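What follows is one structure encoded as structure tokens, with my remarks underneath.
The values are calculated or read from the model by the stated rules, or taken from the named source; none is laboratory data. It should be emphasised that the depicted structure is a prediction, and the values quoted were computed from it without experimental measurement. When we count neighbours, we look across all protein chains shown, and the Cβ atoms used for this are built from the backbone with ideal geometry, even at glycine. Note: accessible area is taken over every heavy atom of the protein model, side chains too, but ligands, DNA and RNA are not part of it. Shrake-Rupley method; radii C 1.70, N 1.55, O 1.52, S 1.80 Å.
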Amino acid sequence: RVLYSAGGDSSILAINARTGEPIWRFSFAKAGAKGGINASVVKHGNNLIALHESENIDSSEIGRMAAFKIPATATPPTPFAPQVFEQSELEVWRNAVGSLASSPVVVGDIIYEMTGTGDLAAVDANDGKKVLWKKKLGIEQRQSTPFYADGLLYVAMYTSAGDAATSGDTEAGSTCDLFVLKPSREGCEEVSKTTLIGKAYGSPLGYNGKIYMQTDKKLYCFGKAGNNPGLAAAQAEYAKQVQPWPKAGPAKQLQIIPYEVFLNPGQSVSFRIRSLDANGFTVDENIDPKSVKWESFIPPTALVKVRINGGFNADGQLVADKTPAPSAGQFKATLGALTGYIKGRVIPAPPMLQDFESFELSNTTTNTVEPPTAFAYPPLPWNSARIRFEVREKEVDGVKTKALTKTIENKLFQRGQVFFGSPDLKNYTIEADVLTEGNRRKMSEVGIINQRYAIILKGNAQELEVNSNQERIKTAVPFKWSPNAWYHLKARVDVAADGSGVVRAKAWKKGEAEPAAWTIEVPHKKAHVHGSPGLFGFAPQEQRVCIDNVKVTAN
């Protein structure tokens, strides 16, 4: 039982749907994609069809659709090491039909796809070089996926053709079109077009003889009231076609639930253990946790070889050490010839302090955008830090220090954020020294995160900005700062009893006196009441940002 998926790193991967173990992967980037794949992967025969709407590496075209044959692999895969294929081994065909997030629909041997430029395209699924036809339906559609049923395609456009040039958000000024089309290999016939209030982000779908469509203003239902007379019969017919689950074979592995844990110092967690066969079917649902042997484990593929501060007690519970120090790692469970694994992190409460001086820069970069440079991997307990950041030496005005440094060699990770505390933390202050490389005309962005608010020094804009999810709240004030110099950022969030709050932040050049007043104060009527402390870096023009002396204290 396999889950096929695509990722924001342009990879396409197969996962054992019963165990979560990766089976294989390959990179669509080598087929041209510079960005991530947001549309769903679909299956046709023994091929997977994927598409994107990014700039291509190997051509001047924007967007691409390609088919890849599903590789045959050994089952189960080697633990922690999925099989990696080259894109050239698997590619069957490609064309220039692309889309940002609208997913393809396969009907027989035809692929229907809504492009970002508002064209409905039909592609021969066997020979995708053949684009059978295109029909212009509107100006653009980047989100909504067509829905096919009873010989008809239901296609929603982002806005109505008449409103496409407007940007109004009122009900009167924002509408979209829902098309009903009868497609074939030769073309498609428009059956109807209905104008709906709002913009179409969601996809039409069908159930019980009805079509449902959600815009950003309304939820619509089209069809006859009541139950569809054919529904029960259809369900019964479907039940006949569903193959029964195979019987489980001999036990080959242990599955530990939960697989990943998050603990504070001194906390403990219990586990449920079951045995599975080679394909992931359950053999024994309840294995006594006391009957297995636990040992600290470092995977052979681990780039950071550390262990979690904790151990298992007689009841089979993992107990974190009381030492207030962050740690992360894995444990291996053994029962006879069966093995299973868990991983976890131990994160203390504030105060937290990290100056990176204890890191040994024992690795060397091998990319093509910079000379070989010594670095260390960031702290393993920090969430999503590796690849996006490295610990490097930074010299400013003759003074050398080790600092967390934004990587620049992979454009997919030019924007990165890191979290290093509990998501339940609140009422704390975070501060750090920050720096951007560059010149007067070209700088990057760097910041800290407090309770889900990002406090960012924006280089090119010369601003200090507070935002949450980019659009929920975004406020900035002018702040003049220079490249290749250290600055200090400090922020706190105060939430009142009525749920309102104020985000307060200040910035100043390192070495100067801390200003008494806050540089920016942003009120928020419905404030975030908690959230992990974090760090932010955005280096779109190969100007690195550095972060040092990170400190979190309770207010």
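Give the share of C-alpha pairs in each 5 angstrom bin for the stretch 400-544, from 0 to the last occupied bin, in whole percents, shortest bins first.
2, 10, 20, 23, 21, 14, 7, 3, 1, 0
Can you give me the Rg/Rh ratio for the stretch 313-422, using Cα atoms for both radii and the Kirkwood formula for Rh? Write down the numbers at each step before the final one.
Numbers: Rg = 17.8 Å, Rh = 16.7 Å.
We get a ratio of 1.06 for the stretch 313-422.
Using modelled amide H (1.01 Å from N, peptide plane; none on Pro or chain starts), what sits under 5 Å from the amide H of Glu140, excluding residues fewer than 5 places away?
Tyr158, Thr159
Report the gain in length on full extension from Phe222 to Tyr259: 0.36 nm times residue separation, minus Cα-Cα distance, nm rounded to one decimal. Show your work: numbers first, answer last.
On the way: separation 37, 0.36 × 37 = 13.32 nm, distance 4.35 nm.
Net length gain for the segment: 9.0 nm.
For the chain, which whole percent of the accessible surface, found with a 1.4 angstrom probe, sits on carbon and sulfur atoms? Intermediate results must be reported in sequence, preceding the final value.
On the way: 13510 of 27250 Å².
Carbon with sulfur: 50 percent of the solvent-accessible area.
Label point 7 Å out from Ala461 along Cα-to-Cβ: which residues of the stretch 498-521 have amide N under 15 Å?
Under cut-off, by backbone N: 520-521.
Ignoring ligands and nucleic acids, what accessible area does Cys176 show with a 1.4 Å probe (Å², nearest 10)?
Using a 1.4 Å probe on the heavy atoms, I get roughly 0 Å².
In 5 Å bins starting at zero, report the fraction of Cα pairs in the stretch 196-295 per bin as a rounded %.
Pair shares across the bins are 2, 10, 11, 10, 8, 7, 8, 11, 13, 11, 6, 2, 0.
Within the stretch 489-511, whose backbone N sits under 15 Å from a point 7 Å along Cα→Cβ of Ala517?
Counting backbone N atoms under 15 Å from the label point, the list is 505-508.
Length gain on complete extension for the stretch Arg1 to Ala374, per 0.36 nm per residue less the alpha carbon to alpha carbon distance?
Numbers: separation 373, 0.36 × 373 = 134.28 nm, distance 4.31 nm.
Computed gain between Arg1 and Ala374 is 130.0 nm.
Give the span of the stretch 357-462's Cα atoms along each principal axis, as three whole-Å numbers ordered largest to smallest.
42, 34, 31
Pairs of alpha-carbon atoms within less than 8 angstrom and 6+ residues apart define the contacts here; what relative contact order does the stretch 56-155 have, in percent? Spell out each step's value before the answer.
Values: 181 pairs, mean separation 22.2, N = 100.
About 22 percent, as a whole number.
Can you give the FRET efficiency for Val529 and Ser291, using 1/(1 + (r/R0)^6), R0 = 56 Å, r = Cβ-Cβ distance, to the nearest 0.05?
Working: r = 42 Å, r/R0 = 0.76.
With a Förster radius of 56 Å, E is 0.85.
Per residue, what accessible area does the chain have, given a 1.4 Å probe and all protein chains present, in Å²? Could you put the intermediate results ahead of the total?
On the way: 27250 Å² over 555 residues.
Accessible surface, normalised per residue, equals 49 Å².
Over the Cα atoms of the stretch 256-318, Rg to Rh with Kirkwood Rh, two decimal places?
Working: Rg = 13.5 Å, Rh = 13.6 Å.
Here the Rg-to-Rh quotient is 0.99.
Please give the FRET efficiency for Leu205 paired with Ser88, using the beta carbon to beta carbon distance and R0 = 22 Å, rounded to the nearest 0.05.
On the way: r = 37 Å, r/R0 = 1.67.
Here the calculated transfer efficiency is 0.05.
With each pseudo-label sitting 7 Å past Cα toward Cβ, what's the Glu542-Glu360 distance in nm, one decimal?
Between Glu542 and Glu360, the simple spin-label model gives 3.3 nm.
Run the numbers on the chain and let me know its relative contact order in percent, using alpha-carbon pairs under 8 Å that are six or more apart. Write down the numbers at each step before the final one.
Numbers: 1433 pairs, mean separation 43.8, N = 555.
Computed value for the chain: 8 percent relative contact order.
Given a Förster distance of 45 angstrom, what is the FRET efficiency for Lys182 paired with Lys305, based on the Cβ-Cβ distance and rounded to 0.05?
Details: r = 61 Å, r/R0 = 1.35.
My answer for the efficiency is 0.15.
How about Lys411: which lysines have a C-alpha closer than 21 Å to its C-alpha, ignoring those fewer than 8 places off in the same chain?
Hits, sequence-local ones excluded: Lys30, Lys34, Lys442, Lys458.
Running Debye on the stretch 85-133 with equal point scatterers at the Cα sites and no solvent, what base-10 log of I(q)/I(0) appears at q = 0.15, 0.16, 0.18 Å⁻¹?
Ignoring solvent entirely, the Cα scatterers give -0.41, -0.47, -0.58.
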